[in-house]
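Below is one structure, written out as structure tokens; comments come after it.
Any read-out appearing in this document is the output of simple, stated calculations on the displayed coordinates, not a laboratory observation. Quantities reported herein were computed from a predicted structural model and do not represent experimental measurements. Cβ atoms come from the backbone with ideal geometry, glycine included; neighbour counts cover every protein chain shown.
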Amino acid sequence: MNVTSGPKTTGGVMLGITGGIAAGKSQVAEYLCRHGNFTGIDVDLLGRQLLESGQKGYLAIKDRFGSCFFRDDRSLDRVRLRRAIFTDSALRIEINRLLHPLIREAMHLRATAAFRAGAEIVLVEVPLLYEAGWQQDFKLVIVVQVANKLALKRLQQRDGVSEDEALAALTARMTSDERVSRADLIIDNSGDWQTTCRQLDLLIPRLKEMCKG
């Protein structure tokens, strides 16, 4: 994946956190923000906001695909869109082309606002960080890693999808090995939560020290 240039953030230090589907990224990010006093940004949440009726992402999808992914009441059928993205690689590329620049812009605006409000470190959760080529936006990238079999089981339980649907979602992303090979820091979330927390407690002071340089 090529590294892409994009908007810049004015202020402190941005850290990225990523990982495969059902790796536990959100839980890890929330712990780091709470115990490390970091400000958190979830780009999935930004994306959902952009897909609300009348917002930039909603309009981009409507302009490109017409009524294909919309209900009779003109609301976006997110479940239908998500399933289509996981099963159609060409569609996934096109949707990402439309939405990623909008999400990236929103991310930088949110981070800049946080720095102006006094934040020193902003931790941004980006599921497709490497796939989108955004790694240069961050001083450091943390990868949350789990075994593929465990991720598959968690995804089926979390989203109530079949094994085939879960496999399609997992294989639509970068492989775990490739993601780990690019990481600055790795958290293994394959064990129990207490084991993960011990890793995070050791990581927090290390992150703060690394962000000083």
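Placing one identical point scatterer on every Cα of the chain and ignoring solvent, what is log10 I(q)/I(0) from the Debye formula at q = 0.08, 0.17, 0.19 Å⁻¹? Debye curve over Cα of the chain, log10 I(q)/I(0) at q = 0.08, 0.17, 0.19 Å⁻¹: -0.29, -1.29, -1.50. Residues within the reach of a label modelled at D63 (point 7 angstrom out along Cα to beta-carbon, backbone nitrogen below 18 Å), restricted to the range 98-121, are 98-106.
Highest mean first, how do 107-115, 84-92 rank when packing is the count of other Cβ atoms within 10 Å averaged over residues?
Values: 107-115: 19.1, 84-92: 14.6.
Ranked from most to least packed, the peptides come out as 107-115, 84-92.
Using a ≥ b ≥ c from the Cα gyration tensor of the range 90-213 (square roots of the eigenvalues), is it rounded, prolate or oblate, where a/c under 1.5 gives rounded and otherwise the larger of a/b and b/c decides, a/b for prolate? Since a/c reaches 1.5 but b/c is at least a/b, the shape of the range 90-213 is classed as oblate.
So if each residue of separation counts as 0.36 nm, and I subtract the Cα-Cα distance between T87 and E52, what length gain in nm does that give? List each step's numbers first, then the result.
Details: separation 35, 0.36 × 35 = 12.60 nm, distance 2.33 nm.
Full extension of this stretch gives 10.3 nm more.
The modelled label-to-label distance for the pair R71/N96, using points 7 Å beyond Cα in the direction of Cβ, is 2.9 nm.
Can you give the charge dipole size of the range 131-174 about its Cα centre, rounded to the nearest 20 debye, using +1 on the beta carbon of Lys and Arg and -1 on the beta carbon of Asp and Glu? Could the numbers behind the result be given before it?
Values: 6 positive and 6 negative charges, 52 e Å.
Dipole magnitude for the range 131-174 comes out near 260 debye.
Residue ranges 202-209, 96-103, 179-186 sort as 96-103, 179-186, 202-209 when ordered by packing (mean number of other C-beta atoms within 10 Å per residue, highest first).
Taking amide H as placed 1.01 Å from N in the peptide plane, the amide H of G40 sits under 5 Å from that of L123, each at least 5 places away or on another chain.
What order do you get for 74-83, 21-30 when each peptide is scored by the mean count of other beta carbon atoms within 10 Å, highest first? Walk me through the numbers on the way to the answer.
Values: 74-83: 13.6, 21-30: 20.3.
Output ranking for 74-83, 21-30: 21-30, 74-83.
Compared with the alpha-carbon gap, the fully stretched path from N148 to E209 is longer by 18.8 nm at 0.36 nm per residue. Of all complete DSSP H helices in the chain, those with a Cα span along the helix axis of 18 Å or greater and a mean Kyte-Doolittle hydropathy of -0.5 or more are 89-116, 193-210.
Under a model in which nothing but the beta-carbon of Lys, Arg (+1) and Asp, Glu (-1) is charged, the chain shows a dipole of about 340 debye around its Cα centre. Using C-alpha pairs below 8 Å separated by at least 6 residues, the relative contact order for the chain is 37 percent. Taking 20 Å as the cut-off, the amide N atoms of the range 159-184 that come nearer than this to a point 7 Å along the Cα-to-beta-carbon line of W193 belong to 159-160. If the cut-off is 17 Å between C-alpha atoms, which aspartates and glutamates fall inside it for K62, apart from same-chain ones fewer than 8 positions away? Those aspartates and glutamates meeting the cut-off are E52, D72, D73, D77, E94.
What FRET efficiency do you get for A113 and D44 if R0 is 22 Å and r is their Cβ-Cβ distance, rounded to the nearest 0.05?
Working: r = 19 Å, r/R0 = 0.84.
So, using R0 = 22 Å, E works out to roughly 0.75.
Given the pairs K149/K212; K56/K212; K25/K153, which are separated by over 27 angstrom at their Cα positions? Check vs 27 Å cut-off fails for K149/K212; K56/K212. Binning the C-alpha pair distances of the range 104-171 at 10 Å intervals from 0 yields a P(r) profile of 17, 35, 27, 19, 2 %, listed from the shortest bin outward. Counting only Cα atoms, the range 146-210 measures 43, 26, 14 Å along its principal axes, largest extent leading. Here the Gaussian network model covers the chain, with springs between Cα atoms less than 10 Å apart; of G20, G118, G12, G118 fluctuates the most. Counting only DSSP beta bridges whose two residues both lie in the chain, roughly 5 percent are antiparallel.
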